[in-house]
Every structure is written in structure tokens, then in C-alpha cells.
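*Asks:* Before I ask anything, here is the structure I am working with.
The values are calculated or read from the model by the stated rules, or taken from the named source; none is laboratory data. The structure displayed is predicted, hence computed values, not measured ones. Glycine gets a Cβ as well: all are built from the backbone with ideal geometry, and neighbour counts include every protein chain shown.
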Amino acid sequence: MKSVSIVIPVYNEAQMIQTSIPHILSVLESALASAGKSENYQLEVIAVDDGSVDRTPQVLAAMQQQEPRLKALSFTRNFGKEAAILAGLQAATGDAVIVIDGDLQHPPELMASMLQLWENGLLVVHAVKVQRARETWLQKQLARAFYAVFKSMSGLDLRGHSDYKLLDKQVVQILLALPERQRFFRGLISWANFPSGQLPFEVADRPDGSHSKWNRIKLLRYAINNITSFSSLPLKLVTYVGATTFLFGLIIGVISLIQKIEGKAMDGFTTVNLLIIIIGGAILLSLGVIGHYLARLYDEVKGRPAFLIKQNLTQEDK
């Protein structure tokens, strides 16, 4: 009998998970029963609470009492979705691990097909978005821009990719062995380049009608961190920015010197102001890029764990 672990990161989903987790389990069980494979698989669900401030931990604790296959982990604070996925992978014991969101925007009906491809020998199965739900034109363009920039800088094409994936146990073990603490799950899986397949899906609306908890500031920070995790090109660009600024300044300087010799120099500070603005902006931009990479090095060198888990819930928490 093969075992399958289903990892579900959640954040402030107290109402949603009461129906979504049982639904995810029942859909997979029904699909396996229809294929006559119910006896072939042993299922476990690992729900990772990413430091929710609502009653998500208490709801998970209560659900755990009713569903023996559910294992609930709760962070001491919000460490981010990447940390929640990492914690779920560490806790997973299955021969295959499926990572899926708990808001049902990832269709659980796809899991049976993922397992079939896995049985056929694939180590990774990507669920790829062919249509994004309830996104404005601007959101779609920003997403396209991110994937285009990420591909140009890292060489990895993640267009349409999501965190909805199936991983073989050996892939999980290799992923966990990587020493970096600040991770980009989708990027690392594509970078490893294991034998993989893709399954298309359309992103559904959240059943409760709510919107994503990611605001634009969080998404921008997330995008910058992910790009710099896989590329040092911004650091190299600092050199080109400096060279271009120096060349521009040299040209302006030569022109100004010639005008001075010919007696055509004009009074005023336009040229000086222009040079100060260009050079000052280039310096501050370069320092910002260098500072970002230094901050990432600082976080890695400190060696703090990617997350902290509450070992036990008190009776009051329950």
C-alpha cells in the first residue's frame, strides 16, 4: 500500500477549512474508489496554520479530534506561505506529497490524475493555471511582467505555475536537504528539473466570495525576494548602471569643456543639476540593490529557523 500526504497551508481560514478539508479528502477518496484503488492508498492530511489571528488553530484542533488522518501544525506567528509549505513537507510521511491550497481555488478533482501520472513514473506533477479567476487587467499584466522578468533573470519559465503540485518522496527529501532558509517553492522545483508533467486547471472563485489575502505590497515584496533568490543579475547591473552614468557624465563634461573653450558656455545650473540627479539616483539605486542582497545574506547567516511550531495547545487555546 502506498501512502499519500496532502499538505494544506492555511491562514485565517477558520470558516473555510471546516468544509474545504473534508471536501478535499472526500473528492480524492471518491476518485480512488471509482478507479478501484481505494485499497492502494493510505491518506494523511497535514494542515499548517501560518500564525492565524482568527480561530483557525482552535478549529484545526477540534477537527483533528474527529479526523484521525488529519495532523495540524500551528506556527507561533505568521512566517509566510513558503514556511508553511516547508513545515508541511517536513511533517509529511507519504510516498507522494500533494501541496494544495485550502480555499478550494485549486480543484481537488485534479489529485487523482496527479497520482496516475506519478504511478506512470513522473516524480513531479505541476498543476498549471490556464485561466486566473477574478483578476483585473492590471493584476494579470503585473503577473505576466513578474514571470517575464523572472525568466529573463533566472532562465526558469514559471508562467502559469502554482503551488499546487505532487512531489515524489525522493524529491521532497532532496528539497528539504537544500540549506537555504528563504525559499521559493515553485522556483526550486523547476530548478531541480526532475521528470515532470503538467495538468491544466482553471482557478475557481473562493466559495465564500472573499478575495486573496495578498495585497499589492506583499506581492511586490514576494516578487522581489523570489527574483533575487534565483538571480544575482541585479547586482551585476549595478556595474552597467555605473558605467552608463560615467559615460553620460563624461560626454556632458566634454561638451561643457568645449563650450567653455569656445566662449559659448551658458550661465545656469541646468547641466550641474542634471548630473547631480542622474549620478545621485544611480548611486542610491545601486546601494538599494546591494543592500537588499546584504539583507538576504544577513538573514541566512543568522541561521534562525524558517518557522517555529507551537508544541502544545493549552486548554484555553482549544
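*Asks:* Within the range 176-198, track down each residue that is among the aliphatic types (A, V, I, L, M), assigned to a helix (DSSP H, G or I) and surrounded by fewer than 20 Cβ atoms within 10 Å (Cβ to Cβ).
*Replies:* LEU176, ALA177, LEU188, ALA192
*Asks:* Criterion first (in contact (Cβ under 8 Å) with a residue 40 or more places away in the chain and under 17 Å from LEU219 (Cβ atoms)) does GLU109 satisfy it?
*Replies:* no
*Asks:* While we're looking at this one, here's another question. Among the listed residues GLN139, GLN64, GLN131, which satisfies the condition of being under 20 Å from SER3 (Cβ atoms) and in the same structural domain as SER38 (by TED's automatic domain parsing)?
*Replies:* Working: GLN139 fails: under 20 Å from SER3 (Cβ atoms); GLN131 fails: under 20 Å from SER3 (Cβ atoms).
GLN64 is the lone residue from the list that is under 20 Å from SER3 (Cβ atoms) and in the same structural domain as SER38 (by TED's automatic domain parsing).
*Asks:* Hand me the list of helices (runs of 4 or more DSSP H) wholly inside the range 70-164 holding 1 or more residues that are at pLDDT 90 or above.
*Replies:* Correct list: 81-91, 111-119.
*Asks:* Taking the range 67-83 as the region of interest, how many residues are under 21 Å from SER3 (Cβ atoms) and touching a residue at least 40 places away in the same chain (Cβ under 8 Å)?
*Replies:* Going through the range 67-83 one residue at a time, the tally reaches 4.
*Asks:* Sticking with this structure for a sec: Of LYS71, LYS129, LYS81, which residue is in contact with a Ser or Thr (Cβ under 6 Å, 6 or more places away or on another chain) and surrounded by fewer than 21 Cβ atoms within 10 Å (Cβ to Cβ)?
*Replies:* LYS129
*Asks:* Next up: As an exercise: evaluate ILE24 against (1) closer than 14 Å to ILE8 by Cα; (2) surrounded by fewer than 17 Cβ atoms within 10 Å (Cβ to Cβ); (3) not acidic (Asp, Glu) and give the number of the one condition it does not meet.
*Replies:* (2)
*Asks:* Does at least one position in the range 134-141 carry a residue that is in contact with a strand residue (DSSP E or B) (Cβ under 9 Å, 6 or more places away or on another chain), touching a residue at least 60 places away in the same chain (Cβ under 8 Å) and farther than 17 Å from ASN226 by Cβ?
*Replies:* Within the range 134-141 (the criterion being in contact with a strand residue (DSSP E or B) (Cβ under 9 Å, 6 or more places away or on another chain), touching a residue at least 60 places away in the same chain (Cβ under 8 Å) and farther than 17 Å from ASN226 by Cβ), the answer is no, since none of the residues qualifies.
A quick yes/no check of all residues on (1) exposed (fewer than 10 other Cβ atoms within 10 Å of the Cβ); (2) of a type in the set (A, V, I, L, M, F, W, C); (3) modelled with pLDDT under 75; (4) not assigned by TED's automatic domain parsing to the domain that holds VAL149:
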residue: ARG206; (1), (2), (3), (4): no, no, yes, no
residue: ARG216; (1), (2), (3), (4): no, no, yes, no
residue: GLY242; (1), (2), (3), (4): no, no, no, yes
residue: LYS264; (1), (2), (3), (4): yes, no, yes, yes
residue: ASN273; (1), (2), (3), (4): no, no, yes, yes
residue: ALA282; (1), (2), (3), (4): no, yes, no, yes
residue: SER286; (1), (2), (3), (4): no, no, no, yes
residue: LEU308; (1), (2), (3), (4): no, yes, no, yes
residue: ASN312; (1), (2), (3), (4): yes, no, yes, yes
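*Asks:* Would you please name the residue that is farthest from the chain's Cα centre (by Cα), looking only at residues in the range 16-53 that are assigned to a loop (DSSP other than H, G, I, E, B) and of a type in the set (D, E, K, R)?
*Replies:* So, considering only residues that are assigned to a loop (DSSP other than H, G, I, E, B) and of a type in the set (D, E, K, R), the one farthest from the chain's Cα centre (by Cα) is LYS37.
*Asks:* Among all residue pairs at least 6 apart or on different chains, which show Cβ distances below 8 Å where the first residue, located in the range 18-31, is small (Gly, Ala, Ser) and the second is exposed (fewer than 15 other Cβ atoms within 10 Å of the Cβ)?
*Replies:* Pairs that qualify, where the first residue is small (Gly, Ala, Ser) and the partner is exposed (fewer than 15 other Cβ atoms within 10 Å of the Cβ), are SER20/PRO207; ALA31/GLU109.
*Asks:* Looking at this structure, is PRO108 over 26 Å from PHE307 (Cα atoms) and surrounded by 13 or more Cβ atoms within 10 Å (Cβ to Cβ)? Can you show your working first?
*Replies:* Working: over 26 Å from PHE307 (Cα atoms): yes; surrounded by 13 or more Cβ atoms within 10 Å (Cβ to Cβ): yes.
So PRO108 passes the test.
*Asks:* Output the qualifying pairs, or none if there are none: Cβ atoms under 6 angstrom, residues six or more apart or on different chains, first residue in the range 84-103 and farther than 12 Å from ILE24 by Cα, second residue of a type in the set (Lys, Arg) and surrounded by fewer than 23 Cβ atoms within 10 Å (Cβ to Cβ).
*Replies:* Cβ pairs passing all conditions: ASP95/LYS2; ASP95/LYS169.
*Asks:* Find the residue count for the range 141-166, including only residues that are surrounded by 19 or more Cβ atoms within 10 Å (Cβ to Cβ) and among the aliphatic types (A, V, I, L, M).
*Replies:* Of the residues in the range 141-166, 3 are surrounded by 19 or more Cβ atoms within 10 Å (Cβ to Cβ) and among the aliphatic types (A, V, I, L, M).
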